[in-house]
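The values are calculated or read from the model by the stated rules, or taken from the named source; none is laboratory data. Note that this is a predicted model, so its numbers are computed, not measured. We place every Cβ from the backbone using ideal geometry, glycine too, and count neighbours over all the protein chains shown. Calculation scope for accessible area: heavy atoms of the full protein, side chains included, ligands and nucleic acids excluded. Shrake-Rupley method; radii C 1.70, N 1.55, O 1.52, S 1.80 Å.
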Amino acid sequence: MNMAFTHACLWTLLAFVLTWTVFYVTNRRKKATKLADTVAEEHKDSDADVIIVGAGIGGSALAYALAKDGRRVHVIERDMREPERMMGEFMQPGGRLMLSKLGLQDCLEEIDAQKAIGLAVYKDGKEAVAPFPVENNNFPYEPTGRCFYNGRFVQRLRQKASSLPNVKLEEGTVKSLIEEKGVIKGVTYKNKSGEEITAFAPLTVVCDGCYSNLRRSLNDNNAKVLSYQVGYISKNCRLEEPEKLHLIMAKPSFAMLYQISSTDVRCVFELFPDNMPSISNGEMATFVKNTIAPQVPLKLRKIFLKGIDEGAQIKTMPTKSMGATLSEKKGVILLGDAFNMRHPAVASGMMVLLSDILILRRLLNPLSNLGDANKISEIIKSFYVIRKPMSATVNTIGNAFSQVLIASTDEAKEAMRQGCYDYLSSGGFRTSGLMALLGGMNPRPLSLIYHLCLITISSIRQLLSPFPSPLGIWQSLKLFGLSIQMLIPHLKAEGFSQMFFPTYAAAYRKSYMATTAL
């Protein structure tokens, strides 16, 4: 009886184990099948390694670079028509070098781009010429910039990217990011026909500009509006010296003229939110004629007024500043103005963006696939640190230079402004050193500190000459305080250690100077 009972229990236990095993195996197979179906569904509409939101300068250049490395890239752009923007019209020499390293230097051809050899700076009836340094052993590229229509350049980049078979360039509006447990899996977008589609990829790059809607879902970083750029184009004319960017230290801030094609000149000036005449009722045109134009040198004034007299369309664009913040979410990275902005006074946005693309490309290159979200996350963290020496230098000098250009009745501020002009006009290592910084030819934090200190000392010397007085000493102390206010908050925001620690600087130089076979 007991033996029979024991056998029955054993058989029952064995049956239970077998039943549970069959159930477990069957369930695992179902889950595996479901996972395979999910993966298949995810790749049904977009079989890509990388999704890029935005086909502007950054999105198109990154798509080309990654596709040349064998990645399958899906680029989604809201509007494929040629953009009409008055920003991104000048590329510094450093930007041209990076464009060349990406194999995209020919995109500056066939768009009537104009060569720029440096600055012509005007203040109080005087003119200073500040060329990019020709003799620079550390800069292996022709030290000239290029002025052009932004839209023409963007279209050339799009053509170049879409010429590669593993790039899918599609017109559509990205509505949201697809997130699962803190990992971005892809995007939901509406295509040109209005159909809502989901696209999946291991890595999503948000590169949709300063008005990015997706940035809010990735971090709480907000852009600060500093001022407004007001601009228009004077057509069918040519500057007396078209190879220079003409910078006028006017009131309330600077004005600029530069040749963006063989026949067209961009005219632009800076205003602040509390002093913005209306464009629609003609107040802005009147303001240009009565307030800005009289401050423009005579040899430039006719061209400056030509666009206004001929009814050129006047546009305004907010200038913004926004520090770079790393998103805590995996599988995604922000680039370009969606990621980091600085005042456009030194025209360095494209240069920083192309530098970022070079660094990111080099970091991703060793990976055979991008499916490991943790590995990608570590690479993105490395990217964020390695970019700092260059981006922080450019951001700091851009924001500091823009503050110096603002006119003021404060004697200390005006002395700093005059000191900057005198420094640019002094020639020798001062002018060449500062122009190498502005042109991205020597993007080193220590060089930035060195030249800003020299400008400050030069400005203080002016206040104390011909001999120190109590008022001069007081104004000198104020000026020193102003220079600290311009510099320290920016350095603190960018990160002292990442800017100056030798390991980070060496890692950046490796990415900056490395030539990649394309």
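Couple of notes before you dig in:
- Hey, M441 crowded, with 20+ Cβ neighbours inside 10 Å, farther than 21 Å from F254 by Cα, aliphatic (A, V, I, L, M) and within 29 Å of the chain's Cα centre (by Cα) or not: yes
- Breaking point among (1) of a type in the set (K, R); (2) open to solvent by 40 Å² or more (accessible area, probe 1.4 Å); (3) within 30 Å of V50 (Cβ to Cβ); (4) modelled with pLDDT of 95 or more, for K115: (3)
- Test result for G103, modelled with pLDDT under 95 and out of contact with any His (no Cβ under 6 Å at 6 or more places or on another chain): no
- Within segment 144-197, being of a type in the set (S, T, Y), open to solvent by less than 50 Å² (accessible area, probe 1.4 Å) and under 22 Å from the mean Cα position of the chain (by Cα) holds for T144, Y149.
- Per-region count, segment 441-463, residues under 12 Å from P389 (Cβ atoms) and either among the acidic types (D, E) or outside any helix (DSSP H, G or I) (or both): 3
- Residues that are within 30 Å of D112 (Cα to Cα), in contact with an Asp or Glu (Cβ under 9 Å, 6 or more places away or on another chain) and either modelled with pLDDT under 95 or not in a helix (DSSP H, G or I) (or both) within segment 269-312 comprise just one, P297.
- Residue match in segment 354-362 (condition: among the aliphatic types (A, V, I, L, M), farther than 20 Å from K68 by Cα and either at pLDDT below 90 or open to solvent by less than 20 Å² (accessible area, probe 1.4 Å) (or both)): no
- Of the residues examined, L157 is one that is part of a helix (DSSP H, G or I) and of a type outside the set (S, T, N, Q).
- Taken over segment 466-489, the criterion of being open to solvent by less than 40 Å² (accessible area, probe 1.4 Å) and either hydrophobic (A, V, I, L, M, F, W, C) or under 24 Å from the mean Cα position of the chain (by Cα) (or both) is satisfied by L479, L482, M486, L487.
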